[in-house]
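A short worksheet on the structure shown next.
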Amino acid sequence: MLALVILLGNIIWEIWPDPANTQIIKYNVPDGLGSDLQSCDDLASYWAGSWNLRYPSRIDANQQAEILLIYKPAAQGDASDHQVGCGLVIDTFLEMSRHEIEPGGQYITPYSNFETVQFKWTVSPSAQEISGVLWVAVNVHTADDQLTRIPMFALPIEIQKISFLSVPITTIRVLFIIASLLVITICVILRMRKSQ
């Protein structure tokens, strides 16, 4: 009975999702913008949106970490309603030293009004801890072909890499399940022999 409880506990431990860090960022319109930027309807709708950052708080020693950044518009609408448009390009940069990042640290994409934008990085850790900074900015091309870069925010990211005696936790979980199955099998065999 005890072995069965241990087995069920190990199975739950194996399938239970690891905790994740989630942040929702609402950006305030910066002061001191020029009149050409203040009159840009595209930029005004962009400020109204929010950002959602999600990444695991810890990973196994042989796992990769997925970092997900999503921009969500405040409301749906029609971009053709905008009187004064301007080209917006979202510029993100995941700064992490000593780690391999796919598809690369810098991630740039144009922004279309009222569309959700998603950025996803996969980090292969090379050190015990994963730490870095995620930078977000927006590049604005106005009607007079001027380019303005507006820094938005920088978010620290820290992910713990866990193991036991340099053995990945996933491997230890599997070994626990196998050991529990062996104990249950042995107990069943011994009971069957006693009943004979």
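Side notes on the structure shown:
- Between the amide H of Ala61 and those of Ile162, Ile169, Thr170, distances stay under 5 Å, these residues lying 5 or more places away or on another chain, with hydrogens modeled in the peptide plane.
- Summarised in one figure, the compactness ratio Rg/Rh of region 88-146, Cα atoms and Kirkwood Rh, is 1.10.
- Using the Cβ-Cβ distance between Phe114 and Thr148 with R0 = 30 Å, the FRET efficiency computed as 1/(1 + (r/R0)^6) comes to roughly 0.85.
- Efficiency of FRET between Asn62 and Ile24 - r from beta-carbon atoms, R0 30 angstrom, step 0.05: 0.45
- Added length on full extension, which subtracts the Cα-Cα distance from 0.36 nm per residue, Glu100 to Val183: 25.7 nm
- Cross-link partners of Lys26 among lysines, defined as those whose alpha carbon lies under 29 angstrom from its own and excluding same-chain residues fewer than eight positions apart: Lys72, Lys120.
- Between amide H atoms placed 1.01 Å from N, distances below 5 Å from Gly49 occur with Ala74, all of them 5 or more places distant or on a separate chain.
Bear in mind that the values in this text are calculations on the coordinates, not laboratory data. These numbers come from a predicted model, not from an experiment. Counting neighbours? That spans all protein chains shown, and the Cβs are built from the backbone with ideal geometry, glycine included.
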